[in-house]
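**Student:** Next up is a structure, given as structure tokens.
Computed from the coordinates by the stated procedures, all read-outs in this text should not be read as laboratory data. Everything numeric here is computed off the predicted structure, so don't read it as measured data. Ideal geometry is used to build each Cβ from the backbone, glycine not excepted, and the neighbour counts take in all protein chains shown.
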Amino acid sequence: VAADADWAREVRRLADERGAVLLAHNYQLPEIQDIADHTGDSLALSRIAAESDAGTIVFCGVHFMAESAKILSPDKTVLIPDERAGCSLADSITAAQLREWKAQHPDAVVVSYVNTTAEVKAETDICCTSSNAVDVVDSIPADREVLFCPDQFLGAHVKRETGRENLHIWAGECHVHAGINGPELAERAAASPDADLFIHPECGCATSALYLAGEGTLPKDKVKILSTGGMLDAARETGATSVLVATEVGMLHQLRRAAPEIDFRAVNDRASCRYMKMITPAALLRCLREGADEVHVPADIAERARGSVERMIAIGK
Ligand code: 13P
Ligand code: SF4
């Protein structure tokens, strides 16, 4: 299926017929981002899904994002164009593992990144995304222990920013971001000394970038640790003419749209999430025609998970 004008017309017609709002994450294919009603980072899309009055939400993103939308709006129909679009980070902790960890720290507050299954969210006190993780942890009284899961690099970033010693971090990672490493970043930065560095906190290189900035190897004012939504805001504000981007490559599309005068380059141009890319033009068309794949979350799990997701979208508003 070619993403041409006929495809675009048909997608819009079917979306109208279903009364559906189309949401696309910043890592989606450019043609999917361009046809969506809204694009954004995980937090922005959760908020839009919660506030939308459309009866059907078509979530062009990965499964946990669509699941979060369903948890927040159990009466809406939530569709994902391909339910096999998973997430290696969400797979790095199970509900049973989290229960075991909680048993070792019975008084701790559990903060889970939104990249988790509904079952894990049901065991969680507050969810967070990369754009509000620091605010979420700051909202917890300083004397309470915190269990932070599943991303170790985002956890390290939060620990650094909050200066909290009583924050325990699960050792999970996203294979795409973990693969963007420090030496590669240092090499690219040395070759473009005037460029800003936009780094997603899930990256394996985030810690070493800050270390190199502390050492003076990388210019401190140029290193920015940002969520994908934060990168778009920073792109509109920076005076830099070139920016090195350390995150999934789908992000470049929105960045180039937001600031066409800036030269954006990927630190690692192989950093592509195969799950995000399962949402193809053909898959979106099929989804709208057939009303599939529909996302279901068992009512008891959704009930227990809802509080943690609602607390997440309320913080930093
Ligand atoms: P954000 O868009 O919230 O920064 O999340 C990045 C991500 O990896 C989602 O899968
Ligand atoms: Fe999950 Fe990583 Fe893909 Fe994001 S980029 S959906 S964290 S596997």
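**Student:** Hey, what does the equivalent ellipsoid look like for the chain, semi-axes from the Cα gyration tensor as sqrt of 5 times each eigenvalue, largest first, whole Å?
**Tutor:** Gyration-tensor ellipsoid for the chain: 30, 27, 15 Å.
**Student:** A further question follows. Using modelled backbone amide H atoms (1.01 Å from N, in-plane), which distant-in-sequence or interchain residues come within less than 5 Å of V223's amide H?
**Tutor:** Sorted by chain and number, the residues that satisfy this are L197.
**Student:** Follow-up. Please sort by residue number the trypsin sites (Lys or Arg not before Pro) in the range 66-133 whose DSSP state is loop and whose Cβ has at most 12 other Cβ atoms within 10 Å.
**Tutor:** When the trypsin sites (Lys or Arg not before Pro) of the range 66-133 are filtered for loop state and at most 12 Cβ neighbours within 10 Å, R84 remain.
**Student:** Ok, one more. Largest first and in whole Å, what are the equivalent-ellipsoid semi-axes of the range 90-174 based on the Cα gyration tensor, each being the root of 5 times an eigenvalue?
**Tutor:** 18, 15, 11
**Student:** How are the C-alpha pair distances of the range 239-284 spread across 5 Å bins, as whole percents from the shortest bin up?
**Tutor:** Histogramming the range 239-284 at 5 Å steps yields 5, 21, 24, 20, 15, 9, 4, 1 percent.
**Student:** A further question follows. Could you please report the charge total around D151, scoring K, R as +1 and D, E as -1 over all other residues with beta-carbon less than 13 angstrom from its beta-carbon?
**Tutor:** Result for the local shell: -2.
**Student:** Just want the answer: with Cβ charges of +1 for Lys and Arg and -1 for Asp and Glu, which residue in L288, G307, A8 is farthest toward the dipole's positive end in the chain?
**Tutor:** A8
**Student:** Within the chain, which DSSP H helices have Cα atoms that stretch 18 Å or more along the helix axis and a mean Kyte-Doolittle hydropathy of at least 1.0?
**Tutor:** Result, helices passing both filters: zero.
**Student:** Along the charge dipole of the chain, pointing to its positive end and built from +1/-1 on Cβ of Lys, Arg, Asp and Glu, which listed residue (G86, T217, A44) has its Cα farthest out?
**Tutor:** It is T217.
**Student:** Please give the charge dipole size of the range 90-174, origin at the Cα centre, charges +1 on K and R Cβ atoms and -1 on D and E Cβ atoms. Round to the nearest 20 debye.
**Tutor:** Result for the range 90-174 is approximately 20 debye, rounded to the nearest 20.
**Student:** I've got another one for you. With +1 on the Cβ of every Lys and Arg and -1 on the Cβ of every Asp and Glu, and nothing else charged, how large is the dipole of the chain about its Cα centre, in debye rounded to the nearest 20?
**Tutor:** 120 debye
**Student:** Over 24 Å, how big is the tail of the calculated P(r) for the range 6-105, in percent of all Cα pairs?
**Tutor:** Counting pairs separated by more than 24 Å, the tail of P(r) holds 28 percent.
**Student:** Another one. Binned at 10 Å from 0, what are the whole-percent values of the Cα-Cα distance distribution for the range 223-302, short to long?
**Tutor:** In order of increasing distance, the bins hold 15, 35, 23, 20, 6, 0 percent.
**Student:** What percent of all Cα-Cα pairs in the range 177-317 falls in each 5 Å bin, counting up from 0?
**Tutor:** 2, 9, 16, 16, 14, 13, 12, 8, 6, 3, 1, 0
**Student:** Kindly provide the GluC sites (Glu not before Pro) of the range 190-286 that DSSP labels as loop, not H, G, I, E or B, and whose Cβ sees at most 10 other Cβ atoms within 10 Å.
**Tutor:** Taking the range 190-286 and a limit of 10 other Cβ atoms within 10 Å, the loop GluC sites (Glu not before Pro) found are E261.
**Student:** Now for a separate question. So for the chain: antiparallel DSSP bridges make up what percent, rounded to the nearest 5?
**Tutor:** Counting only bridges with both partners in the chain, antiparallel ones make up about 5 percent.
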